[in-house]
Amino acid sequence: MNITIGQSTFNAELADTQAAKELTALLPLTLNMQDHLHNEKFAELPKSLSRQDQAVGRIEVGDIMLWGGDTLVVFYESFHSSYRYTRLGKIQNADKLKNAVGTGKVKMTFAP
């Protein structure tokens, strides 16, 4: 999957989960992502996906997760978390992700 943020495009490897397969069926998809806690961007999906929530323990830069069944989350900081998510994928070469997402809201386009 490719994710375009402004002039930057990132490649993401999708997880082997039912939710990731369902996300693929929604592509292409453009979402207006909001910032949360200065470590993630999130947006509500047009429909809920299958949940297989797990305690992930540690979030890494570039992780793409599903929260609550209907919220797509892209993490641009690494940290420990007690929250439970369903894995959707991982952005490869995410070292420039934080600069690309900036502060505040950002539009992201997800495409096959």
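Every number here is computed from the coordinates shown, using simple stated rules; none is lab data. No experiment lies behind these values; they were computed from the predicted model shown. Cβ placement follows ideal geometry from the backbone for every residue including glycine, while neighbour counts extend to all protein chains displayed.
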- When both residues are 6+ apart or on different chains and their Cβ atoms are under 6 Å apart, which pairs have a first residue that lies in region 67-80 and is farther than 17 Å from Gln18 by Cβ, and a second that is among the aromatic types (Phe, Trp, Tyr) and surrounded by 14 or more Cβ atoms within 10 Å (Cβ to Cβ)? Val73/Phe42; Val73/Trp67
- Taking only region 84-106 into account, find how many residues are under 19 Å from Leu23 (Cβ atoms) and loosely packed, with under 13 Cβ neighbours inside 10 Å. 1
- What's the number of the condition Phe75 fails, among (1) farther than 13 Å from Leu97 by Cα; (2) among the aromatic types (Phe, Trp, Tyr); (3) crowded, with 20+ Cβ neighbours inside 10 Å? (1)
- Query: Which one is surrounded by the most Cβ atoms within 10 Å (Cβ to Cβ) among residues in region 48-62 that are more than 14 Å from Thr17 (Cα to Cα) and in contact (Cβ under 8 Å) with a residue 24 or more places away in the chain?
  - Reply: Gly62
- Query: If we scan region 17-37, do we find a residue that is in contact with a strand residue (DSSP E or B) (Cβ under 9 Å, 6 or more places away or on another chain), surrounded by 17 or more Cβ atoms within 10 Å (Cβ to Cβ) and polar (S, T, N, Q)?
  - Reply: yes
- Any residue in region 7-20 that is under 20 Å from Ser78 (Cα atoms) and in contact with a Phe, Trp or Tyr (Cβ under 9 Å, 6 or more places away or on another chain)? yes
